[in-house]
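So the structure is just underneath, and the comments pick up after that.
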Amino acid sequence: MTIAKKVVNFTFNRITSLLCRINADKLRLIPANGPLIVVANHVNFLEVPVLITRLGSRSVTGFAKVETWDNPILGYLFDLWEVIPIRRGEADISALREGLQALREGKILAIAPEGTRSGHGRLKQGQPGVVLLALRSGAPLLPLAYFGGEKFWDNLTRLRRTNFDVVVGNSFYLHAEGIKVTQAIRQQMTDEIMWQLAALLPATYRGHYANLSQATEDFLRFPPTSGSNLHSASS
C-alpha cells in the first residue's frame, strides 16, 4: 500500500468515525485472503470509505459510474482506491474484464447490484451484472448490508452523529449446472442473491425484497460450514 493511500485511508477512517457511530465489528468476518465478491446495498457515498478504510491489508476494488471522474477530487480518490469506471446503461465489457482480473488476483470486488444509490435505504430490484461476474469467476459471494446512513445528511444539519451499522452474512456460490442462462434465469439468480442481502437488513429496509417468504435458492450453493442467510433473518 502506498504512503498516499495509507494517509487517505487513515484520514477517511477518522472523519467517518467522527461523523458517525460506526458498528462495523462484523467486518472481521470477511476472509483474510482469496477472491471474493462482496454484494452490498447502496444508500449513499458513505459505504465506500467505511468499507475500504476498515479492511486493513485486504485489496478492495469495485465499480463506479464513469462520470465520477469528471470531478478531479473524486477521480483522484477513486484512482487511489483502484475503483473501476463503468459506463452505466450498457454492457461495459472492458469494466467487466477488469473486475474479473481483480478476482483472479485475489482481490475483493465490491458490487452494488441495485446499480445506483437509493438515498432512502430501502432495497431496489437488483440488476443482473453480478451474475456474469459470479459465474465467470467462480468466486464466492458475500452479502454485506448497511443501514442507518440514509439519515446522515439530516443528522449533519442538526450536528448529530449518525448510527451506521454494517452486517456481514454467510457466503455462498452461484451455479448454473448446465442450464441455459436466459435473461429470465439471470434475473432469478440476481433476485436470489438480493434475497440473501435483504435477510440481513431490518424489515423496514428490505424494499423490493420485503417478503422473504417469496425467496428461492435454486441457483445458490452454501459451504458445509454455513447456511442460508434467510434462516437468521430478523423480523
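The values are calculated or read from the model by the stated rules, or taken from the named source; none is laboratory data. Owing to the predicted nature of the structure, the values given are computational and were not obtained by experimental measurement. All Cβ positions, even for glycine, are placed from backbone atoms using ideal geometry, and neighbour counts span all protein chains on display.
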Problem set entry | In the range 148-168, residue farthest from residue 29 (Cα to Cα) [restricted to those that are among the β-branched types (Val, Ile, Thr) and in contact with a strand residue (DSSP E or B) (Cβ under 8 Å, 6 or more places away or on another chain)] | 162
For this session: Inspect all residues belonging to the range 68-83 and state whether any of them is modelled with pLDDT under 90, in contact with a Ser or Thr (Cβ under 8 Å, 6 or more places away or on another chain), farther than 21 Å from residue 172 by Cβ and not acidic (Asp, Glu).
Result: no
Exercise. Can you pull out the residues in the range 167-216 that are farther than 23 Å from residue 147 by Cβ and surrounded by 15 or more Cβ atoms within 10 Å (Cβ to Cβ)?
Worked result: 173, 174, 175, 181, 185, 186, 187, 188, 189
Exercise. Across the range 1-34, what is the total count of residues that are free of Cβ contacts under 8 Å to residues at least 24 places away in the same chain and surrounded by 13 or more Cβ atoms within 10 Å (Cβ to Cβ)?
Worked result: 1
Problem set entry | Hits in the range 69-111 (condition: exposed (fewer than 15 other Cβ atoms within 10 Å of the Cβ) and assigned to a helix (DSSP H, G or I)) | 70, 72, 73, 76, 79, 93, 94, 97, 101, 104
Seminar exercise, completed: Restricting the range 126-166 to residues that are part of a loop (DSSP other than H, G, I, E, B) and among the small types (Gly, Ala, Ser), the one surrounded by the most Cβ atoms within 10 Å (Cβ to Cβ) turns out to be 126
Exercise. With 145, 176, 134, 199 as the choices, which residue is small (Gly, Ala, Ser), within 23 Å of residue 225 (Cβ to Cβ) and out of contact with any strand residue (DSSP E or B) (no Cβ under 7 Å at 6 or more places or on another chain)?
Worked result: 199
Problem set entry | Search result, residues across the range 48-99 that are touching a Leu at 6+ places or on another chain (Cβ under 7 Å) and either in contact (Cβ under 8 Å) with a residue 60 or more places away in the chain or among the small types (Gly, Ala, Ser) (or both) | 62, 99
Seminar exercise, completed: Checked 225, 190, 116, 216 against criteria (assigned to a loop (DSSP other than H, G, I, E, B), farther than 30 Å from residue 20 by Cα, hydroxyl-bearing (Ser, Thr, Tyr) and in contact (Cβ under 8 Å) with a residue 12 or more places away in the chain); the one match is 216
Problem set entry | Residue match in the range 44-56 (condition: assigned to a strand (DSSP E or B) and either closer than 26 Å to residue 165 by Cβ or among the polar types (S, T, N, Q) (or both)) | no
Exercise. Can you pull out the residues in the range 94-137 that are modelled with pLDDT under 95 and on the phi > 0 side of the Ramachandran plot?
Worked result: 115, 119, 121
Exercise. In the range 49-68, how many residues are closer than 17 Å to residue 148 by Cβ, buried (at least 20 other Cβ atoms within 10 Å of the Cβ) and of a type outside the set (D, E, K, R)?
Worked result: 2
For this session: Identify the single condition in (1) in a loop (DSSP other than H, G, I, E, B); (2) within 17 Å of residue 48 (Cβ to Cβ) that residue 61 does not satisfy, given that it satisfies every other one.
Result: (1)
